[in-house]
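The next block holds one structure in the form of structure tokens; read it before the comments.
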Amino acid sequence: MTTLWERSRQVAVQAILDTAVRLFAEQGYEQTTIAQIAREAGVSQRSLFRYFGTKEDLVCGDQEALGELLKRTVEQQPAEMSAWDALRAGFEVILTANHPPERALELSRLIFDTPSLHARYIEKRLRWQAELVPIIRARLGNGSGRPAPDTQAKAIVATVFACIDTATELWAGHDGRIDLADLYDQCLAAVRDHG
């Protein structure tokens, strides 16, 4: 059961997010200030920073928590599941972990249309990739008693991330009218079947 404080916090976070996304869409990410978001959301800048550590967190969410959720989900997949499928399962969980699909679509557009946000997004994704490599090495080595080579694990992880990013960019470009999971499967099939 959620407490009154937790409900109040959720309402405040949602109001801040709604305001931020609206302002980013109206005037651009770079042109929108934290002071303006706080003022229009009816909170102090200090409160805003208590809920969101940075302006970027308003768009990208808590990347550390999402990265941990991704790793945990991949690790928890059955041992007999392929590395490809374990990674897909991880991404299915995190795609809507923080936002409903409509909000995820708005935020994806912002990320792919704003060079500075896209650069920070890629930087964080590279860190996620590095953290997933040992997990995938262990999964690939299952049954042999020793992990698979780094090359194989790194290539699989990098390919999956490239396919996820390509699918997400296409999904945002088509205003969410094409199923994101189908787009991902098409991207991965293009690489695996014709690579």
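The values are calculated or read from the model by the stated rules, or taken from the named source; none is laboratory data. Fair warning: this is a prediction, and the values are worked out from it, not measured in the lab. As a convention, Cβ positions derive from the backbone with ideal geometry for all residues, glycine included, and neighbour counts pool all protein chains shown. Quick note on the areas: whole protein, heavy atoms, side chains included, nothing else; ligands and nucleic acids left out. Shrake-Rupley method; radii C 1.70, N 1.55, O 1.52, S 1.80 Å.
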Exercise for review: Could you list all residues from the stretch 31-70 that are under 27 Å from Gln129 (Cβ atoms), touching a residue at least 12 places away in the same chain (Cβ under 8 Å) and of a type in the set (Asp, Glu)?
Suggested key: Glu56, Asp62
Review point. Restricting the stretch 57-67 to residues that are open to solvent by less than 60 Å² (accessible area, probe 1.4 Å) and either assigned to a loop (DSSP other than H, G, I, E, B) or of a type in the set (Asp, Glu) (or both), which is modelled with the lowest pLDDT?
Key: Gly61
Review point. Hey, does the stretch 118-141 have a residue that's over 30 Å from Val13 (Cβ atoms) and open to solvent by 60 Å² or more (accessible area, probe 1.4 Å)?
Key: yes
Review point. In the stretch 69-95, which residues are within 14 Å of the chain's Cα centre (by Cα) and not small (Gly, Ala, Ser)?
Key: Leu69, Leu70, Lys71, Thr73, Leu87, Arg88, Phe91, Glu92, Val93, Ile94, Leu95
Review point. Which one of Thr73, Thr19, Thr33 is of a type in the set (Val, Ile, Thr) and either exposed (fewer than 14 other Cβ atoms within 10 Å of the Cβ) or in contact with a Leu (Cβ under 8 Å, 6 or more places away or on another chain) (or both)?
Key: Thr33
**Study point:** Residue in the stretch 1-56 that is farthest from His99 (Cα to Cα), counting only those that are among the hydroxyl-bearing types (Ser, Thr, Tyr) and part of a helix (DSSP H, G or I)
**Key:** Ser47
Check your understanding: Does Glu26 satisfy the criteria of being of a type in the set (D, E, K, R), exposed (fewer than 14 other Cβ atoms within 10 Å of the Cβ) and either in contact (Cβ under 8 Å) with a residue 12 or more places away in the chain or more than 17 Å from Gln10 (Cα to Cα) (or both)?
Key -> yes
Check your understanding: Among the residues of the stretch 171-195 satisfying the criterion of being over 19 Å from the mean Cα position of the chain (by Cα) and not in a helix (DSSP H, G or I), which is modelled with the highest pLDDT?
Key -> Arg177
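Okay, residues lined up against (1) among the β-branched types (Val, Ile, Thr); (2) free of Cβ contacts under 8 Å to residues at least 40 places away in the same chain:
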{"site": "Thr159", "(1), (2)": "yes, yes"}
{"site": "Asp165", "(1), (2)": "no, no"}
{"site": "Thr168", "(1), (2)": "yes, no"}
{"site": "Asp175", "(1), (2)": "no, no"}
{"site": "Leu180", "(1), (2)": "no, no"}
{"site": "Gln186", "(1), (2)": "no, yes"}
{"site": "Val191", "(1), (2)": "yes, yes"}
Practice item. Return yes when Leu70 is at pLDDT 90 or above and closer than 19 Å to Glu123 by Cα and no when it is not. Key: yes
Exercise for review: Would you be able to tell me the number of residues in the stretch 83-111 that are surrounded by fewer than 17 Cβ atoms within 10 Å (Cβ to Cβ), in contact (Cβ under 8 Å) with a residue 24 or more places away in the chain and under 19 Å from Val160 (Cβ atoms)?
Suggested key: 4
